[in-house]
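The values are calculated or read from the model by the stated rules, or taken from the named source; none is laboratory data. On a predicted model such as this, the values are computed, not experimentally measured, just so you know. In this analysis, Cβ positions are derived from the backbone assuming ideal geometry, glycine residues included, and neighbour counts consider all displayed protein chains.
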Amino acid sequence: MITLKEALALSKDELNNFKEELRSKIEANKDLNAYIDINNVGEGVPIAIKDNIQVKDWSVTSGSKILQGYIAPYNATVIEKLLDNGLSPFGRVNMDEFAMGSTTESSIYGKTQNPHAKDRVPGGSSGGSAAAVGAGLAVAALGSDTGGSIRQPAAFCGIVGMKPTYGRVSRYGLGAYASSLDQIGPMTQNVEDAAILYDIISGSDAKDSTNAGKDDKVVPNLNANRKLTIAILPNYIENASQDVKDAYAKAIEALKAAGHTIVEKEMMDAKYDISAYYITATAEATTNLARYDGIRYGNRVEGKNLEETYYKTRSEGFGDEVKRRILLGNFVLSSGYYEAYYVKAQKTRHIIKDAYAKIFEEVDLILSPVAPTVAPKFGELANPMDMYLSDIYTISVNLAGLPALSLPIDKNAADLPVGLQLIAKAYDEQTLFDGALSLEKAVAYKA
Ligand code: GLN
């Protein structure tokens, strides 16, 4: 597959031919179930769009039955930015229902396969985006990351996935899961493409009050030769699988060989991240999902009266995982438990943020695993608790609002990709991309 950089240099005719070929290729690989639709807007370079980002006049369902039939009335800001920069939204890609999940198994459109092993998950929730890019069925894609949903599927599918600093990219037109954690980001074949797409979608937007209004760009200053100080976290990776430990060791050697300084740091026990994240995310999700009542959006199941219409619509429209989280969110926000759970989670969030800040007093970047294992088989994370625990390496980054980038490092003995992530200070995407470019060159991963 041609890279985003190469695609941006094609003529209009070449692009149109390329899109025709791409359509047939997607058709020929339908089994993968990465795409749920192959609409196209405009004449630009095709970019696959996760099913929770609004594209005017396209269906947008967040992988949920409750939103089937809903047509987006406007473009998300990121879509306007794509169109302004010679890119085209091209194709809807699959996702876990309302971005809740780590495997893309909970979509109303069925499972997406991992392009490296058809019996394994592509990761989630942006599994369709990752599988499309990983299978050579997309030049690049947009995903969203609330607790790892860009970085983890990127790692499982052998591609690059980047979560920007909270506030960098407008959330206007993104279906909200947990508003204080959600960010849209690029999913690409390599680090340079991620930087190009990141530059295009980031920046100020008056339509999102949490947008930081920063417009500095990375690509003009991209520099793989900077010598950086990079923290590694020996205590953090103790519970990772041998595949991940091996990739970690390989990355450390590669970074040293490239002239970076490696220092050992200790990160607080990740078990607190899980609790703080699942309390915060479900509390916010409960509030955000209250709007799906059968009256304003999508699917309605008529009842005898208004209350029964709400009840039937939500009972039949939401899947099990979404219902579980609505219940959990209501519980942690309820009057008797608010202080014990929600307030405590917010305090823990601050402690996590401070723990990162302390490490960043002395280093430029942190090297961390993305997931404890390679992509699991379908059904392996069927127990919700196992699934939540598999997020240990990604969610603290969202709780602290930091930028992070996951890139492929190696393949294990079964030829499955293993990715790792670099994490940077808030708004220091420049150093993140510079370091990632250097690491990418140093490990020379073969797709
Ligand atoms: N797996 C995490 C969750 O289910 C993260 C999902 C995401 O980042 N959207 O909440």
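A few points about this structure:
- Residue among ALA249, ALA258, ALA281 that alone is farther than 26 Å from LYS111 by Cα and crowded, with 17+ Cβ neighbours inside 10 Å: ALA258
- For the condition in a helix (DSSP H, G or I), under 25 Å from the mean Cα position of the chain (by Cα), under 15 Å from PRO234 (Cβ atoms) and of a type outside the set (S, T, N, Q), ILE252 qualifies.
- Among the residues of the stretch 80-109, just one is within 16 Å of the ligand (Cβ to nearest atom), assigned to a helix (DSSP H, G or I) and charged (D, E, K, R), namely GLU97.
- Among the conditions (1) within 30 Å of LYS12 (Cβ to Cβ); (2) hydroxyl-bearing (Ser, Thr, Tyr); (3) surrounded by fewer than 24 Cβ atoms within 10 Å (Cβ to Cβ), THR77 misses just one, which is (3).
Okay, residues lined up against (1) under 24 Å from LEU389 (Cα atoms); (2) among the polar types (S, T, N, Q):
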| residue | (1), (2) |
| --- | --- |
| ASP269 | yes, no |
| TYR278 | yes, no |
| ALA285 | yes, no |
| GLY298 | no, no |
| ASN305 | no, yes |
| TYR310 | no, no |
| ARG314 | no, no |
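- Lone unmet requirement of (1) surrounded by 21 or more Cβ atoms within 10 Å (Cβ to Cβ); (2) hydrophobic (A, V, I, L, M, F, W, C); (3) within 29 Å of VAL244 (Cβ to Cβ) for PHE360: (1)
- Applying a threshold of 7 Å to beta carbon distances and a minimum spacing of six or more residues, or different chains, the list of pairs starting in the stretch 363-391 at a residue that is in contact (Cβ under 8 Å) with a residue 40 or more places away in the chain and closer than 17 Å to GLY148 by Cβ and ending at one that is more than 15 Å from the ligand (Cβ to nearest atom) and basic (Lys, Arg) reads ALA375/ARG120; PRO376/ARG120.
- Restricting the stretch 262-291 to residues that are assigned to a loop (DSSP other than H, G, I, E, B) and modelled with pLDDT under 95, the residue that is farthest from the chain's Cα centre (by Cα): GLU266
- Checking each residue in the stretch 205-234 for being basic (Lys, Arg) and touching a residue at least 24 places away in the same chain (Cβ under 8 Å) picks out LYS207, LYS214, ARG226, LYS227.
One line per residue, one yes/no per condition, for (1) in contact with a Gly (Cβ under 6 Å, 6 or more places away or on another chain); (2) closer than 20 Å to LEU15 by Cβ; (3) not polar (S, T, N, Q):
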| residue | (1), (2), (3) |
| --- | --- |
| ALA48 | yes, yes, yes |
| GLY69 | yes, no, yes |
| PHE90 | no, yes, yes |
| GLY110 | no, no, yes |
| ARG120 | no, no, yes |
| GLY123 | no, no, yes |
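- If the condition is being among the acidic types (Asp, Glu) and closer than 18 Å to ILE279 by Cα, then the stretch 371-416 contributes ASP386, ASP391.
- Among the residues of the stretch 332-354, those that are surrounded by fewer than 17 Cβ atoms within 10 Å (Cβ to Cβ), of a type outside the set (Lys, Arg) and in a helix (DSSP H, G or I) comprise TYR338, GLU339, ALA340, VAL343, GLN346, HIS350, ILE351, ASP354.
- Only one entry in ASP273, ASP246, ASP216 is in contact with a strand residue (DSSP E or B) (Cβ under 8 Å, 6 or more places away or on another chain) and acidic (Asp, Glu), namely ASP246.
- Odd one out for ASN383 among (1) of a type in the set (S, T, N, Q); (2) under 30 Å from ALA251 (Cβ atoms); (3) surrounded by fewer than 20 Cβ atoms within 10 Å (Cβ to Cβ): (2)
- Failed criterion for LYS25 (all others in (1) surrounded by 15 or more Cβ atoms within 10 Å (Cβ to Cβ); (2) over 21 Å from the mean Cα position of the chain (by Cα) hold): (1)
- Options ASP57, ASP51; residue that is within 16 Å of the ligand (Cβ to nearest atom) and closer than 24 Å to ASP293 by Cβ: ASP51
The rows are residues; the columns are (1) within 16 Å of the ligand (Cβ to nearest atom); (2) under 26 Å from TYR393 (Cα atoms).
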residue: ASP269; (1), (2): no, yes
residue: GLU284; (1), (2): yes, yes
residue: ILE295; (1), (2): no, no
residue: ARG300; (1), (2): no, no
